1. (1) within 17 Å of ALA114 (Cβ to Cβ); (2) open to solvent by less than 10 Å² (accessible area, probe 1.4 Å); (3) out of contact with any Phe, Trp or Tyr (no Cβ under 7 Å at 6 or more places or on another chain): which one isn't true of LEU73, the others all being true?
2. Looking at segment 93-110, I want the residues that are more than 15 Å from ASN132 (Cα to Cα) and modelled with pLDDT of 95 or more and have a partner that is of a type in the set (Lys, Arg) and open to solvent by 20 Å² or more (accessible area, probe 1.4 Å) with Cβ atoms under 6 Å, at least 6 apart or on another chain. Which pairs are those?
3. Just to verify a result, which residue in segment 4-42, among those that are among the polar types (S, T, N, Q) and in a loop (DSSP other than H, G, I, E, B), is most open to solvent (accessible area, probe 1.4 Å)?
4. Looking at (1) small (Gly, Ala, Ser); (2) open to solvent by 30 Å² or more (accessible area, probe 1.4 Å); (3) within 20 Å of the chain's Cα centre (by Cα), can you tell me which one GLY154 breaks?
5. Please work out if SER138 is open to solvent by 10 Å² or more (accessible area, probe 1.4 Å), more than 18 Å from the chain's Cα centre (by Cα) and at pLDDT 95 or above.
6. Which is farther than 19 Å from ASN77 by Cα, open to solvent by 10 Å² or more (accessible area, probe 1.4 Å), touching a residue at least 12 places away in the same chain (Cβ under 8 Å) and in contact with a Gly (Cβ under 6 Å, 6 or more places away or on another chain), of GLN124, GLN118, GLN131?
7. If GLU103 satisfies every condition in (1) surrounded by 17 or more Cβ atoms within 10 Å (Cβ to Cβ); (2) within 19 Å of SER127 (Cβ to Cβ); (3) not aliphatic (A, V, I, L, M) but one, which is the exception?
Amino acid sequence: ASKGLQNDPKVVREAVSQNGMAFLYASERLQNDPKVVREAVSQNGLALQYASKKRKNDKDVVNEAVKKHGLALEYANDNLKAEKKVVLEAVKQDGRALLFASEELQGDPKVVNAAIEQNGMALQYASKGLQNDPKVVSEAVKQDGCALGYASKGLQNDPEVVREAVSQNGMALMHASEERKNDKDVVMSAVRQNGMALMYASKGLQNDPKVVREAVSQ
């Protein structure tokens with residue numbers, strides 16, 4: 001469109017109501033217009049990347065964006081990435097948005113729990129302390145067994161945590177400690193869920209008739 005139409009609020013609002021990413025082509029003036037920006041992000045949260053710096057620091061606008069698409073948190077100003085309410089909205093929509101949260105909030109149990117409830121693999125963006133928290137890790141592996149790969153070494157050796165993980169996804173056995181890969185109860189849980197998990201069992205258990213029979217039956 002012509003520069004004039006890219007600066008026309010009615011035209012731009014009509015465009016972004018159909019496709020929020022059309023906001024890319026709006027004039028700088030309209031990329032700073034609260035109504036136009038809100039129209040764009042309510043259609044596609046990722047349109048926040050094209051908003052002015054002022055609007056990326058507008059709590060109402062950013063909230064609207066992350067409710068629609070959690071990963072829009074990437075484009076918010078740093079002070080809003082440290083705003084607990086904003087970050088909670090983002091991770092509830094997409095747990096992976098935890099990646100863009102402030103370091104402090106990556107260590108906040110409430111925020112991290114909300115993220116892993118939505119996507120267990122968000123555990124990778126949690127603080128080291130919470131990656132070593134049995135309750136947090138257990139919740140993560142219930143959602144996605146392979147989140148075990150982001151747990152602390154200690155919890156990768158915890159029988160209960162590992163069994164929880166392999167029961168959800170047998171292939172999570174690849175992330176277990178060598179001791180747990182040689183734990184018959186754990187390995188049996190894994191191969192019952194996915195027979196191919198046998199490839200990650202210890203050599204001894206790969207040669208155990210009972211374990212192998214269970215694996216091939218799957």
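1. It is condition (3) that LEU73 fails.
2. Between residues of segment 93-110 that are more than 15 Å from ASN132 (Cα to Cα) and modelled with pLDDT of 95 or more and residues that are of a type in the set (Lys, Arg) and open to solvent by 20 Å² or more (accessible area, probe 1.4 Å), the close pairs are PHE100/LYS81; ALA101/LYS81; SER102/LYS81.
3. By that ranking, first place goes to ASN19.
4. Going through the list (1) small (Gly, Ala, Ser); (2) open to solvent by 30 Å² or more (accessible area, probe 1.4 Å); (3) within 20 Å of the chain's Cα centre (by Cα), GLY154 breaks only (3).
5. Judged against the criteria, SER138 is not a match.
6. Unique residue meeting the criteria: GLN118.
7. With respect to (1) surrounded by 17 or more Cβ atoms within 10 Å (Cβ to Cβ); (2) within 19 Å of SER127 (Cβ to Cβ); (3) not aliphatic (A, V, I, L, M), GLU103 is out only on (1).
Rundown of residues vs (1) open to solvent by 10 Å² or more (accessible area, probe 1.4 Å); (2) in a helix (DSSP H, G or I); (3) within 16 Å of SER217 (Cβ to Cβ), yes/no style:
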| site | (1), (2), (3) |
| --- | --- |
| GLU160 | yes, yes, no |
| MET174 | yes, yes, no |
| ARG180 | yes, yes, no |
| VAL186 | no, yes, no |
| ALA190 | no, yes, yes |
| LEU198 | yes, yes, yes |
| LEU205 | yes, yes, yes |
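The values are calculated or read from the model by the stated rules, or taken from the named source; none is laboratory data. Keep in mind the model is a prediction, meaning the values are calculated, not measured. When we count neighbours, we look across all protein chains shown, and the Cβ atoms used for this are built from the backbone with ideal geometry, even at glycine. With ligands, DNA and RNA removed, areas are computed over all heavy atoms of the protein, side chains included. Shrake-Rupley method; radii C 1.70, N 1.55, O 1.52, S 1.80 Å.
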